[in-house]
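Asks: This is the structure I want to talk about, given as C-alpha cells.
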Amino acid sequence: MHSLSQTTKVKLNDSQNSLNKTEILNYVQSLYGDIPISPCPFTQAELNELDSHNELLVYLPAKLSMSDLCIQFGIRANVNFENETMIRNTMVNENQWFITSAEKTPELMYQTAVSAKRIYEDEGLHGMDFRRYLAFAASFKYKFGQFPDQTYWTFLLSGSYDRSGISIIGFDSQNVLNHHGWMKNFKAKFLGSRYVVIAPRVEIVPTTEELPRARRGRRGTQGKEADME
C-alpha cells in the first residue's frame, strides 16, 4: 500500500463522475494501492445517480486498523492508537462498500445522537464508526481536494466508545483529526451526524438487482436488511 499523498498521478476531477469499473479501480488503487477488491454491490444505475444526490461511494478494506488507515491516508490524529482500548468499530473483518453524503459538513445539527440514530434507522440507514469515517474522509479528499467537517464535529453512530458513550470526530483548522468520547444525549450547533447506506444485496444477480436501496429522507422498509410482514 502507499499513502494518499503519494497518489498524484490520479486527477481529482477524474475520480467519481460516472463511476465505471475503471474509475472505481482507479479510486481504490489511489487510496489503497494494488489490493484485491471485493465487487461493488451497488448497481450501475445507483452509481450513476450519486452526483445528482450529492453522495459519495466509499470502499473500506477489511482488517485495516484505525492506525493503519491514518498512516495510509496521511491523517494526523489526536488519538494514541497504541493505548486506545475504548473505541469499538463494526464489520472489521469484512470488506465494505457504502454510500454517504458528499456534503463538506455533517447534517442533523443540534440533534442528539439518540435522535439522529432513530431518524436514520427509520430510513434504513446506518451510521459511521471510526474506520468508516477515515475511509470516507480520504474518499472525500480524493474527490474534492480537502477533508470534510472542518471545525465541525460529527457523531459516530455505529460502533461505540467505552460501555455507553459515543465518539465525536472532526478536523480542526490544522487538518488534525480530533476524537473525543461523548454523551449520546448531548447536542450543539456545531455537532451533527453522517449516514451510511449499505447495499440491499450481497452481490448483483437478476433476483437482487432491482432491490431498492435506502435513501435519506425516505421513511419505510425499502433498503432495510430485514423486515416483518
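The values are calculated or read from the model by the stated rules, or taken from the named source; none is laboratory data. Predicted model only: the values in this text are computed from it and were never measured. Virtual Cβ from ideal backbone geometry, glycine too; neighbours counted across all protein chains shown.
Asks: Go through the range 2-34 and report how many residues are in a loop (DSSP other than H, G, I, E, B), modelled with pLDDT under 95 and not charged (D, E, K, R).
Replies: 11
Asks: I'd like to verify a number: residues in the range 93-120 that are of a type in the set (A, V, I, L, M) and farther than 21 Å from Phe140 by Cα, how many?
Replies: Number of matching residues: 4.
Asks: Cβ-Cβ distance below 9 Å, separation of 6 or more or different chains: which pairs start in the range 87-99 with a residue that is farther than 17 Å from Ile168 by Cβ and in contact (Cβ under 8 Å) with a residue 24 or more places away in the chain and end on one that is β-branched (Val, Ile, Thr) and in a loop (DSSP other than H, G, I, E, B)?
Replies: What qualifies is Asn95/Ile37.
Conditions tested, residue by residue: (1) within 15 Å of the chain's Cα centre (by Cα); (2) under 25 Å from Ser164 (Cα atoms); (3) assigned to a helix (DSSP H, G or I).
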residue: Ile37; (1), (2), (3): no, no, no
residue: Pro41; (1), (2), (3): no, no, no
residue: Leu47; (1), (2), (3): no, no, yes
residue: Ser52; (1), (2), (3): no, no, yes
residue: Val58; (1), (2), (3): yes, no, no
residue: Lys63; (1), (2), (3): no, yes, no
residue: Gln72; (1), (2), (3): no, no, yes
residue: Asn83; (1), (2), (3): no, yes, no
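Asks: Quick one: how many residues across the range 152-164 are without any contact (Cβ under 8 Å) to a residue 40 or more places away in the chain and over 18 Å from the mean Cα position of the chain (by Cα)?
Replies: Final tally of qualifying residues: 2.
Asks: Go through the range 85-103 residue by residue and tally those that are in contact with a strand residue (DSSP E or B) (Cβ under 7 Å, 6 or more places away or on another chain), over 18 Å from Gln72 (Cβ atoms) and part of a loop (DSSP other than H, G, I, E, B).
Replies: So the count comes out to 3.
Asks: Here's another thing I want to ask about it. Which number in (1) loosely packed, with under 13 Cβ neighbours inside 10 Å; (2) of a type in the set (D, E, K, R); (3) within 27 Å of Ser173 (Cβ to Cβ) marks the one condition that Lys63 misses?
Replies: The failed condition is (3).
Asks: Here is a follow-up. Please give the number of the condition Ile99 fails out of (1) within 10 Å of the chain's Cα centre (by Cα); (2) among the aliphatic types (A, V, I, L, M); (3) surrounded by fewer than 24 Cβ atoms within 10 Å (Cβ to Cβ).
Replies: Condition not satisfied by Ile99: (3).
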